[in-house]
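Below you'll find the structure, written out as structure tokens, and then a few comments.
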Amino acid sequence: MTKTLVSSVNKLYIDGKWEEASSRETIPVYNPATGEVIAEVASANAKDAEQAIHAARQAFDKGPWRDVSAYGRAELLYKLANKIENHRDELARLETENNGKTLRESFGDIDFTVRTFKYYAGLAAAPNGETIEADAPLTSKVVREPIGVCGQIIPWNYPLLMAAWKLAPALAAGNVCILKPSELTPLTAIRLFEFIDETGFPPGVVNLLVGFGPQAGQPLVESPLVDKIGFTGGTVTGKTILQHAVGNLKKVSLELGGKSPNIIFADADFESAVDYAMFAIFNNSGQVCSAGSRLLVEQSIYEAFVEELVKRTKKIRVGNGFDEHSQMGPLISQKQMQKVLNYIKIGIDEGAEIAVGGNRLTDEERKNGYFIEPTIFVNVDPKSRIAQEEIFGPVLCVMPFETEEEALELANGTPYGLAAGIFTTDGAKAERAAKGIRAGVTWINTYEQNLIEGPWGGYKQSGLGRELGTYGLEEYTEVKQIINNL
Ligand code: NAD
């Protein structure tokens, strides 16, 4: 049992207080490396959601939050960022214990979390309006105002970081929030709310509902008292959310799944392209929305590239994230492991060939965890399910191409459009390819390097709206024009 969270672990944070959930039911939380239950957390339901919505509504409509200046909001966010930074080691360990990712990956997440809160603290007090020239004596002033009560629902693959990507811009812009973390990974969010409690946000401004999606999340989506839903998760859940949000036409932003292409041209720096191709799919055990899960390699280097990939993939050390030798941790749950193994079977049935991997790891050390081998498929039909659907695990499909045109056609040939990679030493070709790809983020000669300062989000069925940067702040504002005839 985790020792970090003691008093708050099975509670909800509503109206500035830790509260018992209305139901006595609890949700077991697992360590995916060992299969052990490490905590029992609260299971919020519609009644708890209603209470949180009421508290948030009061805080926004009648509480002191509206009178806290932009500088005041910035100070609170900085204070929170500093608390997180001061507990970097503890939070990274808790993340690895609950999510399974390697400690190195967890430290990366915590550092990006701190950066996110600091960045939005800085933006909170930045100028946020403009004037428009109007026919005298009229004047026109455009201002951005907070939207109101925001329900924020997040997944399990970057538990604390996703909480930061949601809370920081929303609070910086002056909104009030109700966060619903994944039922699989609520522990770092609970710890975050202990810091929020110490930071001094007015009651009701930031609330935490721990529970399952349909019981704790859906009431937020359906409520006419919630003004905005910020959601990150699977595309199927995203579509359900959009349908349920229609009642009061609340604002919805969706960060959804992907099947991102990574294009390797023959003139690329071979060594670096192999390094990034592996990082793109095996980082975070492939449980990344922007994972480079379709590797498109120019025919003339295809064989040599696959050979090198396979050679290196065989050497990846899969194990407990706390073991400093581990390079890849387990999958998040038994269910996710089963889903990935099922896709591997589908791939074989579809006629693709496994070049390396394909199995669960069941030796003494790993048999109770959800470990699978990093897996590479070749001879993949671009229209097959393994090449079209998001597997969300360490499974790579490699496909050859002959021409730039064919590479782009393959790259754009799925319903998703979150991210893409391009590897080449030809600057003009890189620009042409980047322009031709229909995705929200395109990396040239790198992969999965994210900037807090830039926009993040998807084309097509990968989402609606953008997070991060000033784009992410604007998603949490309404625009008002004030036309004055005084
Ligand atoms: P999921 O869609 O199953 O769950 C996400 C969240 O939604 C969880 O908190 C869950 O409890 C909640 N939920 C489920 N049903 C709900 C409902 N009916 N109403 C309200 N809330 C509900 O996703 P997951 O399995 O946790 O995460 C993996 C998915 O997230 C992948 O598809 C991945 O691509 C995506 N993702 C996208 C991004 C991005 O930035 N685009 C980032 C991370 C993850």
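Return the residues of the range 227-264 that are of a type outside the set (A, V, I, L, M), away from the ligand (no atom under 13 Å from the Cβ) and within 30 Å of residue 301 (Cβ to Cβ); say none if nothing qualifies.
Correct list: 261, 262.
Okay, residues lined up against (1) at pLDDT below 95; (2) away from the ligand (no atom under 16 Å from the Cβ); (3) within 23 Å of residue 236 (Cα to Cα); (4) among the basic types (Lys, Arg):
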residue: 432; (1), (2), (3), (4): no, yes, no, yes
residue: 442; (1), (2), (3), (4): no, no, no, no
residue: 458; (1), (2), (3), (4): no, no, yes, no
residue: 465; (1), (2), (3), (4): no, no, yes, no
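When you scan the range 199-218, do you find a residue that is part of a loop (DSSP other than H, G, I, E, B), closer than 23 Å to residue 92 by Cβ and within 14 Å of the ligand (Cβ to nearest atom), even just one? Write out each step before concluding.
If we filter the range 199-218 for residues that are part of a loop (DSSP other than H, G, I, E, B), which is where we start, we get 200-205, 209-212.
Then drop every residue that is not closer than 23 Å to residue 92 by Cβ, which leaves 210.
Adding the requirement that they be within 14 Å of the ligand (Cβ to nearest atom) leaves 210.
Scanning the range 199-218 turns up at least one residue that is part of a loop (DSSP other than H, G, I, E, B), closer than 23 Å to residue 92 by Cβ and within 14 Å of the ligand (Cβ to nearest atom).
Can you tell which of 342, 368 is more than 25 Å from residue 270 (Cβ to Cβ), among the polar types (S, T, N, Q) and within 16 Å of the ligand (Cβ to nearest atom)? Steps first, please.
Numbers: 368 fails: within 16 Å of the ligand (Cβ to nearest atom).
Only one candidate passes the filter, namely 342.
How many residues, within the range 329-386, are in contact with a Leu (Cβ under 9 Å, 6 or more places away or on another chain), buried (at least 21 other Cβ atoms within 10 Å of the Cβ) and assigned to a helix (DSSP H, G or I)?
Qualifying residue count, the range 329-386: 2.
Going by the structure shown, is residue 181 in contact (Cβ under 8 Å) with a residue 40 or more places away in the chain, surrounded by 20 or more Cβ atoms within 10 Å (Cβ to Cβ) and within 26 Å of the chain's Cα centre (by Cα)? Lay out the reasoning, then the answer.
Details: in contact (Cβ under 8 Å) with a residue 40 or more places away in the chain: no; surrounded by 20 or more Cβ atoms within 10 Å (Cβ to Cβ): yes; within 26 Å of the chain's Cα centre (by Cα): yes.
Here the answer is no, as residue 181 does not meet what is asked.
Given the conditions (1) within 25 Å of the chain's Cα centre (by Cα); (2) within 23 Å of residue 175 (Cβ to Cβ), report the number of the one that residue 434 does not fulfil.
The failed condition is (2).
For residue 298, which of the numbered conditions (1) buried (at least 21 other Cβ atoms within 10 Å of the Cβ); (2) within 20 Å of residue 392 (Cα to Cα); (3) over 25 Å from the mean Cα position of the chain (by Cα) fails to hold?
(2)
Filter the range 457-486 down to residues that are touching a Gly at 6+ places or on another chain (Cβ under 6 Å) and among the basic types (Lys, Arg) and give me whichever is surrounded by the fewest Cβ atoms within 10 Å (Cβ to Cβ).
460
Does residue 421 satisfy being within 12 Å of the ligand (Cβ to nearest atom), crowded, with 20+ Cβ neighbours inside 10 Å and modelled with pLDDT of 95 or more?
Details: within 12 Å of the ligand (Cβ to nearest atom): no; crowded, with 20+ Cβ neighbours inside 10 Å: yes; modelled with pLDDT of 95 or more: yes.
Judged against the criteria, residue 421 is not a match.
Name the single residue that is nearest to the ligand (Cβ to nearest atom) among those in the range 387-410 being surrounded by 23 or more Cβ atoms within 10 Å (Cβ to Cβ) and assigned to a strand (DSSP E or B).
Of everything passing the filter in the range 387-410, 395 is nearest to the ligand (Cβ to nearest atom).
Can you tell me which residue within the range 143-177, out of those that are among the hydrophobic types (A, V, I, L, M, F, W, C) and either within 12 Å of the ligand (Cβ to nearest atom) or modelled with pLDDT under 95 (or both), is farthest from the chain's Cα centre (by Cα)?
The first filter runs over the range 143-177 and keeps only residues among the hydrophobic types (A, V, I, L, M, F, W, C), leaving 143, 147, 149-150, 153-154, 156, 160-165, 167-168, 170-173, 176-177.
Then keep just the ones that are either within 12 Å of the ligand (Cβ to nearest atom) or modelled with pLDDT under 95 (or both); that gives 153-154, 156, 161-163, 165.
On the way: 153: 10, 154: 7, 156: 8, 161: 7, 162: 5, 163: 9, 165: 8 Å.
Out of the qualifying residues, it is 153.
In this structure, is residue 184 modelled with pLDDT of 95 or more and in a loop (DSSP other than H, G, I, E, B)?
yes
Would you say residue 66 is at pLDDT below 95 and among the basic types (Lys, Arg)?
Working: at pLDDT below 95: yes; among the basic types (Lys, Arg): yes.
Against the criterion (at pLDDT below 95 and among the basic types (Lys, Arg)), residue 66 qualifies.
Residue 221 versus (1) surrounded by 24 or more Cβ atoms within 10 Å (Cβ to Cβ); (2) more than 7 Å from the ligand (Cβ to nearest atom); (3) touching a residue at least 40 places away in the same chain (Cβ under 8 Å): which is the lone unmet condition?
Of the numbered conditions (1) surrounded by 24 or more Cβ atoms within 10 Å (Cβ to Cβ); (2) more than 7 Å from the ligand (Cβ to nearest atom); (3) touching a residue at least 40 places away in the same chain (Cβ under 8 Å), the odd one out for residue 221 is (2).
Give me the pairs, please: first residue somewhere in the range 273-298 and aromatic (Phe, Trp, Tyr), second residue anywhere and away from the ligand (no atom under 16 Å from the Cβ), beta-carbon distance under 6 Å, and either six or more positions apart or on two chains.
Pairs that qualify, where the first residue is aromatic (Phe, Trp, Tyr) and the partner is away from the ligand (no atom under 16 Å from the Cβ), are 282/328; 282/374.
Please state which one of 440, 427, 413, 454 is surrounded by 18 or more Cβ atoms within 10 Å (Cβ to Cβ) and small (Gly, Ala, Ser).
Step by step, each of 440, 427, 413, 454 is checked, and only 440 is surrounded by 18 or more Cβ atoms within 10 Å (Cβ to Cβ) and small (Gly, Ala, Ser).
Residue 140 versus (1) of a type in the set (Ser, Thr, Tyr); (2) under 23 Å from residue 48 (Cβ atoms); (3) more than 21 Å from the chain's Cα centre (by Cα): which is the lone unmet condition?
(2)
Among (1) in contact with an Asp or Glu (Cβ under 7 Å, 6 or more places away or on another chain); (2) in a helix (DSSP H, G or I), which single condition is residue 247 missing?
The single condition residue 247 does not satisfy is (2).
What do you reckon, is residue 136 more than 22 Å from residue 33 (Cβ to Cβ) and more than 16 Å from the ligand (Cβ to nearest atom)?
Values: more than 22 Å from residue 33 (Cβ to Cβ): yes; more than 16 Å from the ligand (Cβ to nearest atom): yes.
Taking the combined requirement at face value, the residue satisfies it.
From the set of residues in the range 179-194 that are within 10 Å of residue 210 (Cα to Cα) and in contact with a Leu (Cβ under 6 Å, 6 or more places away or on another chain), which is nearest to the ligand (Cβ to nearest atom)?
So, considering only residues that are within 10 Å of residue 210 (Cα to Cα) and in contact with a Leu (Cβ under 6 Å, 6 or more places away or on another chain), the one nearest to the ligand (Cβ to nearest atom) is 180.
Would you mind finding the one in 285, 272 that is part of a helix (DSSP H, G or I), small (Gly, Ala, Ser) and within 30 Å of residue 362 (Cβ to Cβ)? Can you show your working first?
Working: 272 fails: within 30 Å of residue 362 (Cβ to Cβ).
Matching residue, one of 285, 272: 285.
Among the helices (runs of 4 or more DSSP H) confined wholly to the range 32-137, which include 1 or more residues that are within 30 Å of residue 327 (Cα to Cα) and touching a residue at least 60 places away in the same chain (Cβ under 8 Å)?
Answer list for the range 32-137: 70-86, 88-99, 103-124.
Evaluate the following for residue 284: is it within 16 Å of the ligand (Cβ to nearest atom) and at positive phi? Reasoning before the result, please.
Details: within 16 Å of the ligand (Cβ to nearest atom): yes; at positive phi: yes.
When the stated conditions are applied, residue 284 passes them.
The values are calculated or read from the model by the stated rules, or taken from the named source; none is laboratory data. Here the structure is a predicted model, which means the values were calculated and not measured. Here Cβ is always computed from backbone atoms with ideal geometry, including for glycine, and neighbour counts include all displayed protein chains.
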